[in-house]
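Below is one structure, written out as structure tokens, with a few remarks after it.
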Amino acid sequence: LIGNGWSSVIRPVDSAKAFSVVKVDTDNASNIIVDNFHIYGEASAQSNTQHGLEVSPTSGAVIYSYVGRNFHTKEMNGNGIRITGAGMDNSTLEPRLIRDSTLHNLLVTNCDRLTVQGGIYRTAKVGNSGAVFDGAACKSFIIRNNQFDENREHGLLVSNVAGRSQIYNNRFATNGALDQTGSGLYLDRCDDTQVTGNQFELNGFNGILVDGCDNV
């Protein structure tokens, strides 16, 4: 799926149904590129959940795929990007800007060797975070050179992940500042996590919160 930069703007109508604007749910799909799209969800005009991009095959992961250049979601009445089911393996997420989602800007519950880089995740709404990696099905990933800022909960939450993860050269600023409950980076029950070279400033609760982890 390749658009034409900022001129390729998708605005979903209110169908009163839950759906994703772009959805990939075919098992073992590969070499998918989503590029040059701006999805403007207009959350206040929607009466049901709508995700910007959803990757959710049931048993065979999407592999060797790329979500990147000039991909931008704004005001989704759901997640900006949602990766569940069998997830993405050996793939790259490099969206330009994911912001103002009513749920998490990025939610990942299943992946292996996923790289998330070069994006801005900003101003997720009340109770939600810039990005969340949640569950033992997230086996291995790299999160680098991103910016997580002004999210109402945490900048980045990594929870219950048993595989190896690397988190480096990211910026975490003013997350949880309004409610004074969110941390820049929250590591919760994670094993084998490497955190290096990140910048933390003016987060509401902690810069880094580590809880119940091994080998950090």
TODO: Note the direction-averaged projected area, equal to a quarter of the hull surface, for the Cα convex hull of region 136-196, in nm².
DONE: 3.8 nm²
TODO: Over region 90-158, consider all pairs of different Cα atoms and compute the Kirkwood hydrodynamic radius from their mean reciprocal separation; express it in Å, one decimal.
DONE: 11.8 Å
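To the nearest 20 Debye, how big is the dipole of the chain about its Cα centre, given +1 on the beta carbon of each Lys and Arg and -1 on that of each Asp and Glu? Don't skip to the end; give the middle numbers.
Details: 17 positive and 22 negative charges, 89 e Å.
It comes to approximately 420 debye.
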Open item on the list: Considering all alpha-carbon pairs of region 98-216, what whole percent are spaced by more than 18 angstrom?
Closed with: 42 percent
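Step by step: find N for region 1-108, compute 2.2 N^0.38 Å, then divide the Cα radius of gyration by it. What's the final number?
Details: Rg = 12.9 Å, N = 108, 2.2 N^0.38 = 13.0 Å.
Normalised by 2.2 N^0.38 Å, the Cα Rg of region 1-108 equals 0.99.
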Open item on the list: Taking 8 Å as the Cα distance limit and 6 or more residues as the minimum spacing, I'd like the relative contact order of region 69-155 as a percentage.
Closed with: 28 percent
- [ ] Over all alpha-carbon pairs of the chain, lay out the pair-distance distribution in 5 Å bins, whole %, shortest bin first.
- [x] 2, 8, 16, 20, 21, 17, 10, 4, 1, 0
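Remind me, relative contact order of region 1-82 in percent, using alpha carbon pairs under 8 angstrom and six or more residues apart? Before the final figure, lay out each step's value.
Working: 198 pairs, mean separation 31.0, N = 82.
Across region 1-82, relative contact order equals 38 percent.
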Open item on the list: Order 78-85, 187-194, 106-113 from most to least packed using the mean count of other Cβ atoms within 10 Å.
Closed with: 78-85, 106-113, 187-194
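Just so you know, all these numbers are worked out from the coordinates, no wet-lab data involved. The shown structure was predicted, so the numbers you read here are calculated from the model rather than taken from an experiment. All Cβ positions, even for glycine, are placed from backbone atoms using ideal geometry, and neighbour counts span all protein chains on display.
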